[in-house]
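What follows is a single structure, written as structure tokens, with notes after it.
The values are calculated or read from the model by the stated rules, or taken from the named source; none is laboratory data. All of these numbers come straight from a predicted model, not from anything done at the bench. Ideal geometry is used to build each Cβ from the backbone, glycine not excepted, and the neighbour counts take in all protein chains shown. Keep in mind that these areas ignore ligands, DNA and RNA; they rest on the heavy atoms of the full protein, side chains included. Shrake-Rupley method; radii C 1.70, N 1.55, O 1.52, S 1.80 Å.
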Amino acid sequence: MDLLTIGAFAKASGLSPKALRLYDELGLLRPARVDPYTGYRYYAVAQLDRARLVAWLRRLGMPLAEIRAVSALTGADAAREVRAYWARVEAETAVRRDLAAFLVTELTEAPREGTTMLELRCAAHSDRGHVRPANQDTVYAGRRLLAVADGFGPAGAPASGAAVEALRFLDEEAGPRPGNVLNLLADAVRGAGDAVRDVTEGAEDAGTTLTALLWTGSRLALAHIGDSRAYLLREGGLFRITHDHSVVQSLLDEGRLTPAEAESHPQRSLLLKVLGGDPDLRLHEALPGDRYLLCSDGLTGVVPDDRIRELLAAAPDPETAVRSLVDAANTAGGPDNVSCVVGDVVPPVG
């Protein structure tokens, strides 16, 4: 067996001697031989490929526990794990990028004078569907607040109701400034999480998702956690502005599932985050003519995005839109509670 000293092996592999000693202690990269008298480590030339892989994975920022798992694999299996890891990094980076952009704007943007204030006209509708024995969704459409909460478990209905009720005071706020609205919404969502814990105490596996928009007169602040969704219809195009916190979405992000496979995956309803965790928070510029949709997965689980776009674009007003969307879900079998809130951004009357 051809052996290299730890110094020579470090130089050839791109790992420092200090790192090699650490990886030995962790069982990640054991030396081929250790001198029983001096304790000096020697490595086999055949270990270089594994060591170089470890070095590259460390440069990616992969945690040591994941490196141990990946380095034990070969070929396509190892490649799949690296791809999955990087997909998670990109998703987390996207969230931080949005937050950074918001902070930069708030710290550098001068107060806007003479901004044209717009109005929000909205409607909400919720239905039990054709299969579920009760409706555990809660919706709200007010002057400033739009919200959808999808409860689950034995106390799902009280959970979703408590979450939305805890946010209702936002509808009475006198038009929060855009720079303060995310803080206001974040505090309110934390309060909603506390309210849900109070009503679900002792109820195992009960909770709720929450997707909410708060209107300032020129912008919309979004809070989102779970797999309910928010969409924007702008100039005929439909854009999803939330990211599902679900097992299936994480598998899609990591390249482990195709969209077609996700549609019939047995863990479609399994959530990674629910109210009580950290929500996604974003601020959206509103334009006249924008139409926003908030909905539970009772709609998106059975009605494809293309059809949602068609129905949203065809409806002359929010009330017609929510009714047509709920009807479409029930026509497709109505296997779940279905809830929709639609808000139109319009110039003020008069």
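Here the chain exposes an accessible surface that is 53 percent carbon and sulfur, computed with a 1.4 Å probe and the other protein chains kept in place. Whole-Hz Karplus values for region 55-69 come out as 4, 5, 5, 5, 5, 6, x, 5, x, 4, 4, 6, 4, 4, 5 Hz, taken residue by residue from phi with 6.51 cos²θ - 1.76 cosθ + 1.60 and θ = phi - 60°; glycine and proline positions read x. A 1.4 Å probe run over the protein chains yields, for the chain, 50 Å² of accessible area per residue, whole-number rounding. Largest mean-square fluctuation among G237, G75, G298, in a Gaussian network model of the chain whose springs join Cα atoms under 10 Å apart, belongs to G75. Working note: Karplus 6.51/-1.76/1.60 with θ = phi - 60° gives region 26-40 the couplings 7, x, 7, 8, 7, x, 6, 8, 10, 4, x, 9, 9, x, 6 Hz, where Gly and Pro are set to x.
Dividing the Cα radius of gyration of region 228-281 by its Kirkwood radius returns 1.02 for Rg/Rh.
Given (i) 28, 55, 17, 0; (ii) 26, 44, 22, 8, 0; (iii) 27, 51, 15, 5, 2, 0 as candidate values of P(r) over Cα pairs in 20 Å bins from 0, in percent, which corresponds to the one derived from the coordinates? Of the labelled values, this structure produces (ii). Give the long-range amide H neighbours of A32: residues separated by 5 or more places, or on another chain, with amide H under 5 Å away, using H modelled in the peptide plane at 1.01 Å from N. Amide H neighbours of A32, under 5 Å, 5+ apart: Y42, Y43, A44.
Hey, what number do you get for the chain at 222 nm if only DSSP H runs of n ≥ 4 count, each worth -39500 (n - 2.57), divided across all residues, to the nearest 500? Helices in the chain give a 222 nm mean residue ellipticity of -13000 deg cm²/dmol.
Summary of the geometry: region 268-327 and region 9-40, compared by the centres of their Cα atoms, lie 55 Å apart. For R256, the solvent-accessible surface with a 1.4 Å probe is about 80 Å², rounded to the nearest 10.
Sorting 301-312, 29-40 by average packing, meaning the other beta carbons within 10 Å per residue, from highest down gives 301-312, 29-40. Taking the C-alpha atoms only, the angle from helix 305-314 to the longest principal axis of the chain is near 20 degrees.
Of A328, A124, A78, the residue with the greatest mean-square motion in the GNM of the chain, using alpha carbon springs below 10 Å, is A78.
Remark on L257: its backbone amide H falls under 5 Å from those of L252, a criterion applied only to residues 5 or more positions apart or on other chains, H modelled at 1.01 Å from N.
Helix 178-200 and the longest principal axis of the C-alpha atoms of the chain enclose an angle of approximately 90°.
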